[in-house]
Structures are given as structure tokens and as C-alpha cells.
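A short worksheet on the structure shown next.
The values are calculated or read from the model by the stated rules, or taken from the named source; none is laboratory data. Since this is a predicted model, take the numbers as computed values, not measurements. A quick note on method: Cβ atoms are made from the backbone with ideal geometry, for glycine too, and the neighbour counts reach across all protein chains shown. Remember, those area values only see protein heavy atoms, side chains included, never the ligands or the DNA or RNA. Shrake-Rupley method; radii C 1.70, N 1.55, O 1.52, S 1.80 Å.
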Amino acid sequence: MSAPSSVLVVGASAGGLSTAEALRRKGFQGGLTVLGAESHQPYDRPPLSKQVLSGAWEPDRVTLRLPEQLSSLDAEFVLGDAAVGLDAEARTVHTASGRVLRADAIVVATGLRPRMFAGQDGLAGVHVLRTLDDAVALRAGLLGASRVVVVGDGVLGTEIAATARTMGASVTLAGPQPAPLESQFGPLIAGRLAALHAEHGVDLRLGAAVTGLAEQDGRVAGVCLATGEVLPADVVVVAFGSAPATDWLAGSGLKVDNGVVCDSSCRVADGVYAVGDVARWHHEGLGALLRLENRTNATEQAGHVAAAILGESRPYTPVPYFWTDQFDVKIQVYGLSPRCCAPD
Ligand SMILES: Cc1cc2nc3c(=O)[nH]c(=O)nc-3n(C[C@H](O)[C@H](O)[C@H](O)COP(=O)(O)OP(=O)(O)OC[C@H]3O[C@@H](n4cnc5c(N)ncnc54)[C@H](O)[C@@H]3O)c2cc1C
């Protein structure tokens with residue numbers, strides 16, 4: 001494919017913005033549109049469970065770029081309007097408000113949406129944390145809470161438990177693993193993480209599956225465990241995983257299987273690419289399809305996607321990296337646990 005004269009990026013966050021910036025850095029002078037479902041200017045998510053939730057930062061501090069930096073990109077930002085359909089052959093995206101956007105190349109950068117319990121939507125006192133609006137709502141909930149239960153023994157759940165505890169809330173952490181993050185870290189580090197949380201007063205109720213939520217008068221009253229026990233709560237944070245935000249690609253003909261499936265240069269189909277948490281690409285070094293949910297990857301992969309769009313296709317083979325901050329401890333992880341990917 002010859003270099004495109006227009007590019008449409010769907011998803012206006014870390015991966016999408018970085019792709020637009022990388023295109024301009026590499027000299028792309030064509031039309032550039034960035035479409036985002038949220039009405040906020042592009043912002044960063046890692047501080048949401050840390051500085052924004054704790055109140056150390058005002059919410060607007062997470063904005064990724066100043067207005068003048070965004071204007072200098074010479075891109076059209078269409079915000080507060082979600083993509084609802086893609087015609088990959090015609091390279092056309094339809095939006096919730098009825099816009100029809102066409103470009104020579106399209107980048108899918110729509111990230112993840114949180115998993116929820118059936119029926120949790122609309123139940124007062126129940127929160128998820130993916131967006132800035134979620135963080136502001138959760139902070140308000142935590143400030144008035146007497147008993148908080150965080151459901152989820154992964155990175156996000158443990159970060160939220162740590163921050164909520166630092167704010168003075170009474171916090172219980174529930175999840176099926178024997179210790180937090182054991183599947184990623186193994187028993188030694190997971191055991192130390194459990195001890196860190198216990199030392200700071202988090203009540204760890206691990207090793208039992210969570211089966212649902214208890215409700216009273218339209219408000220959450222507790223968290224139900226497979227053992228039959230109900231952990232009482234007036235605020236519950238559901239943080240037991242996310243799914244790639246690919247609903248809008250139904251009927252597009254693109255291969256979607258735990259993310260948008262790409263080749264080793266992050267190309268999905270002719271003129272269509274994917275980047276960030278939503279992209280599941282062939283990592284040639286591992287001989288496997290891989291999808292990463294971390295901040296560093298979103299930026300790094302964006303550079304490769306921009307190069308591929310401009311015809312400099314090469315395999316994307318990063319060493320995965322993520323960090324997490326919990327209480328006064330920073331954990332940094334390079335590489336993958338063997339459970340993260342299996343050969344194609
Ligand atoms: C609370 C929190 C804390 C985190 N902490 C860390 C950390 O400490 N370390 C780390 O490495 N990573 C962390 N991460 C992960 C990191 O933030 C993500 O890996 C990164 O944001 C991925 O960027 P992305 O652009 O692929 O996806 P996202 O940032 O999710 O952006 C996707 C964007 O697409 C938009 N969108 C979705 N559907 C549509 C649609 N149909 N049409 C238009 N737009 C759409 C969304 O609104 C969103 O703005 C954290 C994530 C969260 C939520």
C-alpha cells in the first residue's frame with residue numbers, strides 16, 4: 001500500500017494520541033483525525049488509581065498534553081462521540097451521533113472496558129475504575145464509606161485497596177488467588193505483597209471465588225463468596241478484569257479474539273492497524289500472539305504502528321514492562337509470566 005493521505009485514529013488516549021504524534025514526527029502531512037468516546041482531552045490512566053483517587057492530584061492534572069501541544073499536531077479531535085461500526089474495506093467509521101468518517105488508514109486504539117457482575121449497573125455504591133469520571137465518582141464514594149470491599153486480587157484491585165486504605169477507609173480485598181497477583185508474580189512476591197497489605201490494615205479475604213453482590217433497597221450491601229459468606233460493604237469496587245473494547249467492530253470482518261488480531265507489524269487488514277491494550281499481535285520473538293495491558297506498551301507500540309502506516313513495516317518485539325505503586329512500594333516487572341501467552 002502506498003503512503004496514505006489521511007489517517008483516522010479511533011480512541012483518544014495513550015495509544016491513539018501517541019500514534020498521531022508519531023505519524024507527525026515521522027513527517028506525515030496528510031489529514032489526521034482522532035475520534036474519542038469520552039469528552040475529555042486525552043488523559044493518562046495510571047494516576048487514576050493512585051494520585052487522583054487519593055486526592056494528591058486534582059483530576060485535570062492527568063491531561064496528557066497542553067492545548068497548544070494538541071493544536072500543533074494539526075489533527076482534528078472529535079471527542080464525546082463513540083465509533084459504533086467499521087467498514088474495513090471502505091475504511092469508513094460510523095459514530096453514535098451519526099457521523100461517517102473515512103480515511104485511507106484506520107487505527108483501532110479503543111483500549112478496554114471493565115468486566116462487571118450481571119445487574120451491577122445502576123446499583124448504588126458499586127464502582128469500576130477505568131475512566132477519569134470513574135475515578136472522581138469512586139473518590140467521592142470512598143470519602144463517605146464505612147466499609148469498602150474491593151473485588152479483584154490483580155494489579156488494579158490491589159492498587160485501589162492500597163489507596164483506599166491510605167485514605168483511611170476500612171478495606172477488605174477479596175479474590176480467588178491464595179495471595180494477590182500470585183499468577184503473575186509467583187508465591188514468593190505475592191506472599192510479600194499480601195504481608196504489605198496486611199501490615200497496612202487491609203483485611204485479606206483471599207482464596208474464595210466471589211459469586212455476586214448482595215443488595216438492599218437498590219444499594220449494595222455486601223459481596224457474596226462461594227463459601228456462602230457475605231462480606232458486608234457500603235462501597236464495592238469491582239476490579240476483576242477487563243475485556244478489549246471491540247463491540248463496535250462486530251460485522252467489520254476483522255478478526256477479534258481476545259483483542260483485535262494483528263500480524264507482527266500490528267496490521268489487522270489492508271489499511272487497518274491496532275495499538276495499545278486492544279491489540280493482540282504476533283510477537284515474533286515469542287512465537288505467540290500477545291496482548292499487553294500496560295502504559296509503556298501503548299506508547300512504544302504506537303511508534304511501530306505509525307511506521308507501518310508509512311510503509312516502514314517491521315516486527316514489533318518489545319520486552320514487556322509494567323509497574324505498580326502500592327503504599328510506599330513500587331514493583332516493576334520485565335518480561336512475562338509463562339501463563340501470559342501460549343505459542344500460536
Ligand atoms: C486505573 C488504572 C491504573 C493503571 N495503572 C497502570 C500502571 O501503574 N502501570 C502500567 O503499566 N499501566 C497501568 N494502567 C494501564 C494503562 O493505563 C493502559 O495500558 C493504557 O491506558 C492503554 O492505553 P490505550 O490507549 O491502549 O487504551 P485506553 O487508555 O483505555 O484508551 C482507549 C480510549 O478509547 C476510547 N474508546 C473506547 N471505545 C471507543 C469507541 N467505540 N469509539 C471511540 N473511542 C472509544 C476510550 O474512551 C479511551 O479513551 C492503568 C490503567 C488504569 C485504568
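Ignoring any ligand, DNA or RNA, what whole percent of the accessible area of the chain comes from carbon and sulfur when the probe is 1.4 angstrom?
About 49 percent, which is the carbon plus sulfur part of the accessible surface.
Give the cross-link partners of Lys50 among the aspartates and glutamates, using a straight C-alpha distance below 15 Å as the criterion and excluding same-chain residues fewer than 8 apart.
Glu58, Asp60, Asp133, Asp134, Glu159, Asp325, Asp328
Anyone know which of Arg295, Arg280, Arg99 comes out most mobile in the 10 Å Cα GNM of the chain?
Most flexible of the set in this elastic network: Arg99.
Treating the beta-carbon of each Lys and Arg as +1 and of each Asp and Glu as -1, no other charges, what is the dipole magnitude of the range 116-239 about its Cα centre, to the nearest 20 debye?
200
With Cβ to Cβ distances under 9 Å as the rule, what net charge do the other residues near Arg113 carry (K, R +1; D, E -1)?
Result for the neighbourhood of Arg113: +1.
Using a simple spin-label model with points 7 Å from Cα along the Cα→Cβ vector, what separation in nm is obtained for Asp325 and Arg25?
Output for this residue pair reads 2.3 nm.
Springs between alpha-carbon pairs under 10 angstrom, Gaussian network model over the chain: which of Gln41, Gln69, Gln301 fluctuates most?
Gln69
Tell me which of Tyr43, Gly80, Val10 sits at the most positive position along the dipole axis of the range 1-90, charges placed on C-beta atoms (Lys, Arg +1; Asp, Glu -1).
Tyr43
Using only the Cα atoms of the range 11-97, build the gyration tensor, take square roots of its eigenvalues as a ≥ b ≥ c, and label the shape rounded, prolate or oblate: rounded if a/c is under 1.5, else prolate if a/b is larger than b/c, else oblate.
oblate
If you take every residue apart from Ser170 with its C-beta less than 11 Å away from the C-beta of Ser170, what net charge results, scoring Lys and Arg +1 and Asp and Glu -1?
0
Could you work out how far helix 132-143 tilts from the main Cα principal axis of the chain, as a 0 to 90 degree angle to the nearest 10?
10
To the nearest 20 Debye, how big is the dipole of the chain about its Cα centre, given +1 on the beta carbon of each Lys and Arg and -1 on that of each Asp and Glu?
The calculated dipole for the chain is roughly 340 debye.
Is the shape of the chain rounded, prolate or oblate, going by the alpha carbon gyration tensor and its root eigenvalues a ≥ b ≥ c, with a/c under 1.5 for rounded and a/b larger than b/c for prolate?
prolate
If R₀ is 30 angstrom, what is the calculated FRET efficiency for the pair Leu79 and Thr317, using the beta carbon separation as r and rounding to 0.05?
0.35
How far is helix 295-309 tilted, in degrees, relative to the longest principal axis of the Cα atoms in the chain, given as a value from 0 to 90 rounded to the nearest 10?
10
Mean-square fluctuation check for the chain, GNM, Cα pairs under 10 Å: which of Gly16, Gly30, Gly303 is largest?
The residue that fluctuates most here is Gly30.
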